[in-house]
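Chemist: Take this structure, written in structure tokens, and hold onto it; I'll ask about it next.
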Amino acid sequence: VLLSVVTSPDNAAVEAAPIPLTARCSVGPLTAPPNRPRYTVDATFDPVTGRVSGHISILFTPDQSVDEVVLRLWPNGGVRDAAAPTMRVSNMTVKRNGATSSPVSFRTENPTTVTVPVVADSDNSVTVDADFVTIARGERNDRISLTRDKQRAFVAARFGSFLPVLAWEPGVGWNRTPPTNSGAEASMTATADWDVRMSFAGDGSEGLSILASGELVEDGHWTSTAQRDWAMSIGRWNASDGSLGESTVSLGPGRRTVKVTVAVASLIRESASSYRAPVVKAIRSLSNRYGDYPWPTYTLVISPGLKGGIEYPSFVMQGPGSTGRTTTHEVAHQWFYGLVGNDQGRDPWIDEGLTTWAEARTENTLEAFVVKPIPADAKGKAGKPMAFWDVHRSSYYRGVYVQTLQALAALGDADKVDCALQSLVTAAAFRVATRTDVMRALEAEFPSARKTLKPFGLAP
Ligand SMILES: [Zn+2]
């Protein structure tokens with residue numbers, strides 16, 4: 001995830017012909033883990049105070065024994081300025097296997113990490129219930145932001161990574177990767193199901209509506225299946241420009257249909273259709289390249305105070321003036337982050353590097369990326385975690401996004417790289433991929449991949 005994808009005018013979008021999925025090079029059937037967590041949320045948003053408050057219930061079956069449950073409160077991380085959001089949880093209860101809930105005292109390990117004692121193994125389901133409050137305090141170039149006009153009246157808000165989430169990395173354990181202050185995302189979340197009710201509280205909600213992840217099943221109620229997070233945007237949308245108009249995109253005979261919704265917040269003088277066309281083109285092109293887009297909806301909201309874009313599964317937030325490559329980049333994240341997940345704090349090159357490759361293949365801009373110079377302090381360090389980029393911030397984009405693309409290009413035939421990425425999608429869809437998974441997929445196409453990637457810092 002990156003906030004400011006710099007749009008370079010030399011990267012003019014050219015439609016690349018999709019590569020046919022052949023028997024040798026194809027995406028297999030994708031299945032989500034059957035006992036994935038389930039989040040049930042019932043909350044309200046108050047546009048006057050910027051508070052989202054409510055209740056969350058998390059049903060979780062560990063795949064190995066645990067003696068605690070670790071929740072991450074990401075709004076408390078990142079740069080702490082006066083407009084930084086805050087989050088707190090309270091009234092926590094825990095139950096095992098549907099027994100009666102008992103109140104439990106939780107431990108705040110650090111501002112983004114809360115632990116709850118509970119003993120369970122893979123035969124047990126654990127339900128953690130809590131009240132939570134997340135407050136947006138002002139406009140920020142980030143996931144949580146609230147814009148007011150000169151009269152202090154509410155204009156628009158973004159809420160991403162704003163619900164308490166499980167830190168469980170299936171097959172590994174509790175993930176405690178620290179937050180980053182580089183305007184990027186450090187979260188690792190496993191694929192889950194979501195049932196979210198969100199309504200307005202207090203005064204001042206006239207004319208406001210909420211757009212969010214997944215499917216709107218009734219007014220104020222969304223569900224999503226096999227998605228690793230849930231996000232929403234609130235505002236008034238330009239009606240005259242086709243905002244909220246839905247396009248139903250068929251990926252082909254016998255393939256998925258995707259409902260695409262684009263909305264531009266009022267006060268932004270851009271048309272929804274200028275975003276809708278590149279979204280539809282990218283969904284089609286990337287589906288042909290890496291397997292069908294995995295969910296029934298794709299919603300894009302253009303809201304103020306944001307440079308570039310922020311991706312969530314089936315839901316993307318972008319800032320004004322981001323119709324170009326940013327739109328394609330965020331659609332590509334649906335495969336690399338959304339479908340094939342990773343720990344974004346530990347391995348930012350997996351989501352950002354592979355997405356930049358997919359973006360370049362879709363926009364036909366590979367050559368322009370290959371010749372970009374890599375700053376000296378980033379050279380050979382594409383595989384470093386966010387903790388490294390926090391102190392080499394100006395080199396992060398070139399060092400991770402561009403350098404990973406250059407490493408993949410160095411392997412040779414770009415079509416074969418896409419084949420390798422297709423096998424990564426098949427192997428790691430709906431899971432949290434590690435560098436071992438990526439290396440295995442690349443080595444199947446390029447036996448000497450390890451040697452080629454080593455100088456870029458992507459192989460041990
Ligand atoms: Zn990105």
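Chemist: If I model a spin label as a point 7 Å beyond the Cα along the Cα-Cβ vector, how far apart are those points for ALA368 and ARG148 in nm?
Modeler: 4.0
Chemist: Report ³J(HN,Hα) in whole Hz for each residue of the range 101-118, in order, from the Karplus equation J = 6.51 cos²θ - 1.76 cosθ + 1.60 where θ = phi - 60°; Gly and Pro get x.
Modeler: Values, residue by residue: 5, 10, x, 9, 8, 9, 10, 8, 6, 7, x, 9, 9, 10, 10, 10, x, 7 Hz.
Chemist: Take THR93 and ASP123, extend 7 Å from each Cα along the Cα→Cβ direction, and tell me the distance between the two endpoints in nm.
Modeler: Each label point is offset 7 Å from its Cα along the Cβ direction, giving 2.6 nm.
Chemist: Right, here's the next one. Report the label-to-label distance for ALA410 and SER57 in nanometres (one decimal), using points 7 Å from each Cα along the Cα→Cβ vector.
Modeler: 5.2
Chemist: Identify, among ASN238, LEU411, GLY254, the residue whose Cα sits farthest towards the positive end of the charge dipole of the chain, taking +1 on the Cβ of Lys and Arg and -1 on the Cβ of Asp and Glu, with the dipole about the Cα centre.
Modeler: LEU411
Chemist: Want the number for THR257 to ARG38: 0.36 nm per residue separation, take away the alpha-carbon distance, what's left?
Modeler: Here the answer is 76.4 nm.
Chemist: Additional query: Just going by the charge dipole of the range 344-426, with Lys and Arg at +1 and Asp and Glu at -1 on Cβ, which of GLY383, ILE350, LEU421 is farthest out on the positive end?
Modeler: Farthest along the dipole direction, towards plus: GLY383.
Chemist: Then there's this: Please list the three semi-axes, largest first and in whole Å, of the ellipsoid equivalent to the range 109-205, using sqrt of 5 times the eigenvalues of its alpha carbon gyration tensor.
Modeler: Gyration-tensor ellipsoid for the range 109-205: 32, 18, 11 Å.
Chemist: Counting other C-beta atoms within 10 Å, and keeping those with at most 13, which DSSP coil trypsin sites (Lys or Arg not before Pro) do you find in the range 253-331?
Modeler: Qualifying residues, ordered by number: ARG255, ARG269.
Chemist: List every residue whose amide H lies under 5 Å from the amide H of THR113, counting only residues 5 or more places away in sequence or on a different chain, with H placed 1.01 Å from N in the peptide plane.
Modeler: Placed amide hydrogens put LEU73 under 5 Å from THR113.
Chemist: Magnitude of the Cβ-charge dipole of the chain, K/R +1 and D/E -1, about the Cα centre, nearest 20 debye? Don't skip to the answer; put the middle values down first.
Modeler: Values: 46 positive and 47 negative charges, 166 e Å.
Charge dipole of the chain: 800 debye, to the nearest 20.
Chemist: Next question. Give the long-range amide H neighbours of PHE315: residues separated by 5 or more places, or on another chain, with amide H under 5 Å away, using H modelled in the peptide plane at 1.01 Å from N.
Modeler: THR299
Chemist: What is the projected area of the convex hull of the Cα atoms of the range 316-392, averaged over all directions, in nm²?
Modeler: 5.8
Chemist: Round to a whole angstrom and tell me the spacing of the C-alpha centers of the range 109-178 and the range 37-87.
Modeler: Here the answer is 3 Å between Cα centres.
Chemist: Taking amide hydrogens as modeled 1.01 Å from N in the peptide plane, which residues meet the under 5 Å criterion relative to LYS259, leaving out close sequence neighbours?
Modeler: Amide H to amide H, under 5 Å and 5 or more residues apart or across chains, LYS259 pairs with VAL249, THR297, TYR298.
Chemist: Something else now. Where the Cα atoms of the chain are projected onto their three principal axes, how long is each span, largest first, in whole Å?
Modeler: Each principal axis gives a Cα extent; for the chain these are 57, 55, 48 Å.
Chemist: Follow-up. If the chain between LEU244 and SER266 were fully stretched, how many nm would it gain, using 0.36 nm times the residue separation less the Cα-Cα distance?
Modeler: Length gained between LEU244 and SER266: 6.7 nm.
Chemist: Can I ask one more? What FRET efficiency comes out for VAL133 versus HIS221 if R0 is 25 angstrom and r is the Cβ-Cβ distance? Round to the nearest 0.05.
Modeler: Once the sixth-power term is evaluated, E becomes 0.75.
Chemist: What lysines does LYS307 reach when the alpha-carbon gap must be under 23 Å and sequence neighbours fewer than 8 apart in one chain are set aside?
Modeler: Cross-link targets: LYS150, LYS281, LYS372.
Chemist: Further question: About its Cα centre, what dipole magnitude does the range 132-283 give when the only charges are +1 on Lys and Arg Cβ and -1 on Asp and Glu Cβ, stated in debye to the nearest 20?
Modeler: Dipole about the Cα centre, nearest 20: 420 debye.
Chemist: Shifting gears a bit: Can you work out the Karplus-derived ³J(HN,Hα) for every residue in the range 350-363? Use 6.51 cos²θ - 1.76 cosθ + 1.60 with θ = phi - 60°, whole Hz, and x for glycine or proline.
Modeler: Each residue's phi maps through the Karplus curve to give 5, 6, 6, x, 5, 5, 5, 4, 5, 4, 5, 5, 6, 8 Hz.
Chemist: Next question. Where the centroid of each part is defined by its Cα atoms, how far is the range 258-308 from the range 368-433 in Å?
Modeler: The range 258-308 and the range 368-433 have Cα centres spaced 24 Å from each other.
Chemist: Charges on Cβ only, +1 for Lys and Arg, -1 for Asp and Glu, centred on the Cα centroid of the chain; of LEU442, VAL114, GLY171, which one is farthest towards the dipole's positive end?
Modeler: LEU442
Chemist: May I ask you to derive the relative contact order of the range 175-283, considering only C-alpha pairs under 8 Å and at least 6 residues apart, and to give it as an integer percent?
Modeler: 19
Chemist: With each run of n ≥ 4 DSSP H residues scored as -39500 (n - 2.57), what mean residue ellipticity at 222 nm is computed for the chain after dividing by its residue count and rounding to the nearest 500 deg cm²/dmol?
Modeler: -5000 deg cm²/dmol
Chemist: Grab the beta carbon distance between ASP81 and THR49, set R0 = 22 Å, and tell me the FRET efficiency rounded to 0.05.
Modeler: 0.70
Chemist: Now a separate question. Which ³J(HN,Hα) values, rounded to whole Hz and listed in residue order, are derived for the range 277-283 from phi using the Karplus coefficients 6.51, -1.76 and 1.60 in 6.51 cos²θ - 1.76 cosθ + 1.60 with θ = phi - 60°, glycine and proline given as x?
Modeler: With coefficients 6.51, -1.76 and 1.60, one gets 4, x, 5, 4, 4, 5, 4 Hz.
Chemist: Only bridges whose two residues both fall in the chain count here: according to DSSP, what percent of them are antiparallel, nearest 5?
Modeler: Here the share of antiparallel DSSP bridges comes out near 75 percent.
Here, each number is a calculation from the coordinates, and none is a lab measurement. Please read these numbers as outputs of a predicted model, since none were measured by experiment. Note that we place each Cβ from the backbone using ideal geometry, even for glycine, and neighbour counts take in every protein chain shown.
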